[in-house]
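Beneath this line is the structure, given in structure tokens, with notes to follow.
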Amino acid sequence: MSKQIKDGFPGTVGNTPLIRLKTLSEVTGCNILGKAEFLNPGGSVKDRAAMGIIEDAETRGLLKPGGTIVEGTAGNTGIGLSLVGNAKGYRTIIVIPDTQSQEKINLLRAIGADVRPVPAAPYTDPNNYNHIARRLAEETENAFWANQFDNTANRDYHARTTGPEIYEQTGGEVSAFVAAVGTGGTLAGATRALKERNPKVLGVCADPYGAAMWSWFKHGHLDIDDGDSVSEGIGQGRVTENIKSAPIDQAYRIHDSVMIKMLYHLLLKEGLFLGASSAINVCGAVKLALERGPGQVITTILCDDGQRYLSRLYNPEWLQEENLDPAHENLDFIHEI
Ligand code: PMP
């Protein structure tokens, strides 16, 4: 078969374009490049984690024909797992905090997942969605718990695919990789692969307020309570197995007030319709560019598309309730990042 033909959903994951963000590159004198993960067949960067986790479980004999995949997820991993599962003949049960957007819950149901919304609870609570997912997998016949946060098959897949793709696509010119942390698989895996090829490449964390990764990378502790963010899929409060020992050089905190301006800038001036984590990532890339000066090749992730957030990020009433103002005259706001 021709190499140009992709083999089903699994064969279509990855090899996404790396997009030069023209306006932001011009204003910083750097190349700011976004990896278009929203173009994956399940619509997000989490298709990669789903592929990595499922392939690894098959290889290790943990996932058997006709089996059930169980996972606690903010949505995108569930979408990836369900679609890869459909293509490979597995059922999927998804436990999701009921604070997540209705679009993602509806989408999961539409694609055939058995969706179980549960009240949001901290990780230390036995009723946290991850613990519920683990117990469900234990109680269900022929089931496998994907465990995206601590299953390092997630990070390793990014080390095998995302990082090498970025290195190739930039012709080895990449100087930094910036990403927010959900599980940490993307940041840790891609950074590892890039540093293996060139130890000078910087690994940079862009963290929303209310998370603890900025504090972890900057000060080595998680003891921080600095607010909140409307972003979904990111905002980690503990050191997952995927992020543990990641070689991170720099970390920034990105406030929602600049994230929302960047989100709308990306839509209205670059034509890219994205979710909040993508805007946080791009803010981190721009901050690094301004701090280190022109000439760098700074890469980041465009994680998922805006359709998932129509009732929130792209709904004027919701924005007003959240006190978020996307309006801006020009790119001056980048100096407030
Ligand atoms: N952005 C979005 C929209 C996500 O769903 C996720 C994953 N939860 C991330 C970013 C972060 O990716 P990772 O889990 O690899 O840290």
Select from the range 223-251 the residues that are more than 16 Å from the ligand (Cβ to nearest atom) and aliphatic (A, V, I, L, M) and list them in ascending order. 224
Can you tell which of 170, 186 is touching a residue at least 40 places away in the same chain (Cβ under 8 Å), under 19 Å from residue 32 (Cα atoms), among the polar types (S, T, N, Q) and within 14 Å of the ligand (Cβ to nearest atom)? 186
Looking at residue 251, is it among the small types (Gly, Ala, Ser), at pLDDT 95 or above and surrounded by fewer than 24 Cβ atoms within 10 Å (Cβ to Cβ)? yes
Taking the range 100-116, which residues are at pLDDT below 85 and not in a helix (DSSP H, G or I)? 100, 101
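Report yes if residue 151 is outside any helix (DSSP H, G or I) and more than 12 Å from the ligand (Cβ to nearest atom), otherwise no. Before you say what the answer is, go through the steps one by one.
Numbers: outside any helix (DSSP H, G or I): yes; more than 12 Å from the ligand (Cβ to nearest atom): no.
So residue 151 fails the test.
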Those residues of the range 293-337 which are surrounded by 12 or more Cβ atoms within 10 Å (Cβ to Cβ), free of Cβ contacts under 8 Å to residues at least 60 places away in the same chain, part of a helix (DSSP H, G or I) and of a type outside the set (A, V, I, L, M, F, W, C) amount to 306
Matching residues in the range 13-45 - criterion: being of a type in the set (Ser, Thr, Tyr) and surrounded by 17 or more Cβ atoms within 10 Å (Cβ to Cβ): 16, 25, 28, 44
Name the residue that is farthest from the ligand (Cβ to nearest atom), counting only residues in the range 258-288 that are surrounded by fewer than 24 Cβ atoms within 10 Å (Cβ to Cβ) and outside any helix (DSSP H, G or I). 271
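Based on this model, can you work out whether residue 84 counts as outside the structural domain of residue 308 (by TED's automatic domain parsing), assigned to a strand (DSSP E or B) and not basic (Lys, Arg)?
Taking the combined requirement at face value, the residue does not satisfy it.
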Could you list, in sequence order, the residues of the range 62-76 that are buried (at least 24 other Cβ atoms within 10 Å of the Cβ) and either at pLDDT 95 or above or not assigned by TED's automatic domain parsing to the domain that holds residue 123 (or both)? 69, 70, 71
Checking the conditions here, which among 98, 114 is closer than 22 Å to residue 314 by Cα, of a type in the set (D, E, K, R) and not assigned by TED's automatic domain parsing to the domain that holds residue 314? 98
Taking the criterion of being surrounded by fewer than 14 Cβ atoms within 10 Å (Cβ to Cβ) and either modelled with pLDDT under 95 or closer than 20 Å to residue 177 by Cα (or both), would at least one residue in the range 200-212 satisfy it? yes
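The values are calculated or read from the model by the stated rules, or taken from the named source; none is laboratory data. Bear in mind the structure is a predicted one, so any value in this text is a computation, not a measurement. Backbone-built Cβ (ideal geometry, glycine too); neighbour counts: all protein chains shown.
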